[in-house]
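Step one of this worksheet: look at the structure below.
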Amino acid sequence: MLYSEKVMDHFKNPRNVGEIENADGVGEVGNVKCGDIMKIYLKIENNIIVDVKFKTFGCGSAIASSSMATEMIKGKSIDDALELSNKAVVEALDGLPSHKIHCSVLAEEAVKAAVRDYYDKNGIEYDKTKFCDGDCCHCGKHQDVEE
């Protein structure tokens, strides 16, 4: 089977779909090569992500990766969310085909972009090296990225 049961479940029954009005942080990333676009919304209270929603335009792996990433950071601290890796998303989904790994990278980067937006909106200093600028699938900061 090409996709795990978890991937299929998160694709067919995605968790945390939607938008958060007046979100504390919003991150949108896309990959021109594959056409996937992810947007993640964060509601943060006392440094904890109390709510997270996403909207993804893309393939089943992109939707499943977004859904799993939101599940993995909900209720966690911002610092924990920044530690989310594409590898952890892939493992939580019981794997992705190698040509779909970039979807997990987009999920990681969308979370980080939303946190960065939160930091920027609130004037919070942060380590810029933890964030990607530009074409994230080629920045060299990710684990197990295969094209």
Task: Considering residues of segment 19-44 that are over 14 Å from the mean Cα position of the chain (by Cα) and small (Gly, Ala, Ser) only, the residue modelled with the lowest pLDDT - done: GLY35
- [ ] Hey, can you tell me all the residues within segment 104-130 that are under 14 Å from the mean Cα position of the chain (by Cα) and free of Cβ contacts under 8 Å to residues at least 24 places away in the same chain?
- [x] none
Open item on the list: SER4 - would you say it is buried (at least 20 other Cβ atoms within 10 Å of the Cβ) and either at pLDDT 95 or above or farther than 23 Å from ASN122 by Cβ (or both)?
Closed with: no
- [ ] Determine which member of the set LYS43, LYS53, LYS76, LYS33 is surrounded by fewer than 24 Cβ atoms within 10 Å (Cβ to Cβ) and out of contact with any strand residue (DSSP E or B) (no Cβ under 8 Å at 6 or more places or on another chain).
- [x] LYS33
Open item on the list: Out of everything in segment 83-103 that is within 26 Å of VAL32 (Cβ to Cβ), among the aliphatic types (A, V, I, L, M) and modelled with pLDDT of 95 or more, what residue ends up being farthest from the chain's Cα centre (by Cα)?
Closed with: LEU96
Task: From ILE63, ILE20, ILE44, residue being touching an Asp or Glu at 6+ places or on another chain (Cβ under 7 Å), touching a residue at least 24 places away in the same chain (Cβ under 8 Å), among the hydrophobic types (A, V, I, L, M, F, W, C) and more than 22 Å from LYS130 (Cα to Cα) - done: ILE20
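The values are calculated or read from the model by the stated rules, or taken from the named source; none is laboratory data. In this text, all values refer to a predicted model and were calculated from it rather than measured experimentally. Positions of Cβ are backbone-derived with ideal geometry, glycine not excepted, and every protein chain shown enters the neighbour counts.
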